[in-house]
Amino acid sequence: MAIEGADLIRASAYLGAGLAMGLGAIGPGVGEGMAAAKACEAIGKNPKEAGLLTRTMLVGQAVSESTGIYSLVIALLLLFVV
Amino acid sequence: MAYDIQTWVSVAAFSAGGITMGFGAIGAAIGEGYTAASANEAIGRNPEQSGDIFKSMLVGQAIAESAAIFALVIAMMLLFTNFTSHILMIPVLLSAGLCMGLGAIGAGVGAGYPAAAACRGMARQPSMSGRLTTNMLIGSAVCQTPAIFALVVSFILMFTDFSSSPVSPTWAAILGAGISSGFGAIGSGLGGGMVAEASCDGIARQPLTVTSVTNVMLLGQAVTQTTAIYALLVSFILMFKSFPATDLLAPPMALLAAGLCMGIGAIGPAIGEGFAGRSAVDGIARNEKHIADLTRLMLVGQAVAESTGIYSLVIALILIFVI
């Protein structure tokens, strides 16, 4: 069975999408966990600032989430657009 | 020179046996070494407790060892079973081997953490050794669940009859199933271990907080296990869904990519959730009054860390069902 060019391109796009989202999920997951860990430590030391700490944690996590969202976007582009 | 299928099945079985035991030996050895290091440290600090500490080191190491024993069982079965000579047995055996080999890494390292903390705790707070042992056993048992998922997937792969399925794309679905559960188990084992370590350390520091610490530990560990469960789900779908036969390369590649995506994507969130759970448990052990604030913040932080795992699940499901 000969593999045609278009088929090979689709196959690589699917594989690329899977790898993009899979590898791209590692960093944000670990980083957001570290942010949450430090926020927990800080609340343990100074519980009065819980509101401020939660807000700061969420903003920081949102920023580190961005690379995960880039991966998601690239994966969806590879699946449906390219 | 052409080889028959029986030869290739044997090649796959023996290579997979080596892969299983090679990868499977990594985690348990690191975890047990960490436990032994902590036990030595603890005996150095409090030599009178050496009997208890030595016992709990051995018990903890035995639990960490179990993941490697699962890998040994699968490797032995791969070496000494007479597999039918069907072309799909080649991906089946490779996938089963990869799944159990990779799946044993996280659980082995993770189960070493609470055992190490229990040894340290016994030196510090000898009166709590009973409660520390219980907590260590619960914590380590939860760390083993992803390895058990990998074992289940390996067994199902080896004993399911795929001979009536079309060769393409079933070969890719089989490989994807093993890769998903194998990689997916790494993060959850490690993350669960971190949370359990903090709880054993905390109980030794503040024995009165034992109930809240154990409860929050279980909650935190449960969240770290979720990504392993997503990976297991994707494996089951890949193994039990029937796919139409195809001559193209793209459909099988989509199924393989689904397994890779969910498996690798499950590692990071679970480790991150482990960090968050560890700090929350630690904070509760230092001051039980903050339990409500800390549990809430831990869950919010873990939920955000979980998001990339959910993206991976979505992409994997799109690759399986939509493409």
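Note on A:V81/B:D161: beta-carbon distance plugged into 1/(1 + (r/R0)^6) with R0 of 35 Å gives a FRET efficiency of 0.30.
Distance between the C-alpha centres of the stretch A:7-45 and the stretch B:105-119: 24 Å, rounded to the whole angstrom. Please list, by residue number, everything in the stretch B:107-141 whose backbone N is under 14 Å from a paramagnetic label point 7 Å out along Cα→Cβ of B:K55. What the label zone holds, given the 14 Å backbone N cut-off, is B:119, B:122-123, B:126-134. Counting Cβ atoms of other protein chains within 10 Å of each residue's Cβ and taking the mean over peptide B:259-267 gives 6. Dipole size of the protein assembly as shown about its Cα centre, with +1 on Lys/Arg Cβ and -1 on Asp/Glu Cβ: approximately 880 debye, rounded to the nearest 20.
Across the alpha-carbon set of the stretch B:177-323, the Rg to Rh ratio works out to 1.14, Rh being the Kirkwood radius. Taken residue by residue and averaged, Cβ atoms of other chains lying within 10 Å of the Cβ of B:293-304 number 6.
Put simply, the C-alpha atoms of chain B give a gyration tensor, and the ellipsoid matching it has half-axes of 40, 23, 11 Å, longest first. Taking springs between alpha-carbon atoms closer than 10 angstrom, which of B:I87, B:I271, B:I179 fluctuates most in the Gaussian network model of chain B? Maximum fluctuation in the GNM of chain B, among the listed residues, is at B:I87. Value of Rg to Rh for the stretch B:234-308, rounded to two decimals, is 1.28; Kirkwood radius and Rg both from alpha-carbon coordinates.
Taking 7 Å steps out from each Cα toward its Cβ at A:L8 and A:T56 produces label points 5.4 nm apart. Across peptide A:62-70, the average count of Cβ atoms from other chains found within 10 Å of a residue's Cβ is 3.
Computing FRET efficiency as 1/(1 + (r/R0)^6) for B:A29 and B:A303, where r is the C-beta to C-beta distance and R0 is 51 Å, gives about 0.90.
The Cα center of the stretch B:45-88 and the Cα center of the stretch B:180-244 differ in position by 19 Å. With the charge dipole of the stretch B:168-307 set up from +1 on Lys and Arg Cβ and -1 on Asp and Glu Cβ about the Cα centre, the Cα lying farthest toward the positive end among the listed residues B:W171, B:L232, B:Q206 is that of B:Q206. Taking all Cα pairs closer than 8 Å and separated by 6 or more residues, the relative contact order of the stretch B:17-322 comes to 20 percent. Note that the stretch B:1-158, at 20 °C in a medium of 1.002 mPa s, gets a Stokes-Einstein diffusion coefficient of 130 µm²/s from its Kirkwood radius over C-alpha pairs.
Given a cut-off of under 8 Å on Cα pairs at least six residues apart, what relative contact order in percent is computed for chain A? Relative CO of chain A lands at 51 percent. Cβ-Cβ distance of B:F321 and B:L218, R₀ of 45 Å, FRET efficiency by 1/(1 + (r/R0)^6): the value works out to about 0.85.
Counting only lysines at least 8 places from A:K45 when in the same chain, those with an alpha carbon closer than 17 Å to its own are B:K289. Counting 0.36 nm for each residue step from B:S127 to B:M76 and taking away their Cα separation leaves a gain of 14.0 nm.
Would you please state the base-10 log of I(q)/I(0) at q = 0.11, 0.23 1/Å for chain A, with intensities from the Debye formula using one equal scatterer on every alpha carbon? Evaluating at q = 0.11, 0.23 Å⁻¹ gives log10 I(q)/I(0) of -0.45, -0.97.
When a/c is below 1.5 the answer is rounded, else prolate if a/b is larger than b/c, else oblate, so apply that to the protein assembly as shown with a ≥ b ≥ c taken from the square roots of the Cα gyration tensor eigenvalues. The shape class here is oblate. Dipole magnitude for the stretch B:17-322: about 380 debye, using +1 per Lys or Arg Cβ and -1 per Asp or Glu Cβ, origin at the Cα centre.
Laboratory data are not the source of any read-out in this text; all were calculated from the coordinates shown. Given the structure is predicted, the values throughout are model-derived calculations rather than measurements. With ideal geometry, Cβ positions are generated from the backbone for all residues, glycine too; neighbour counts draw on all protein chains shown.
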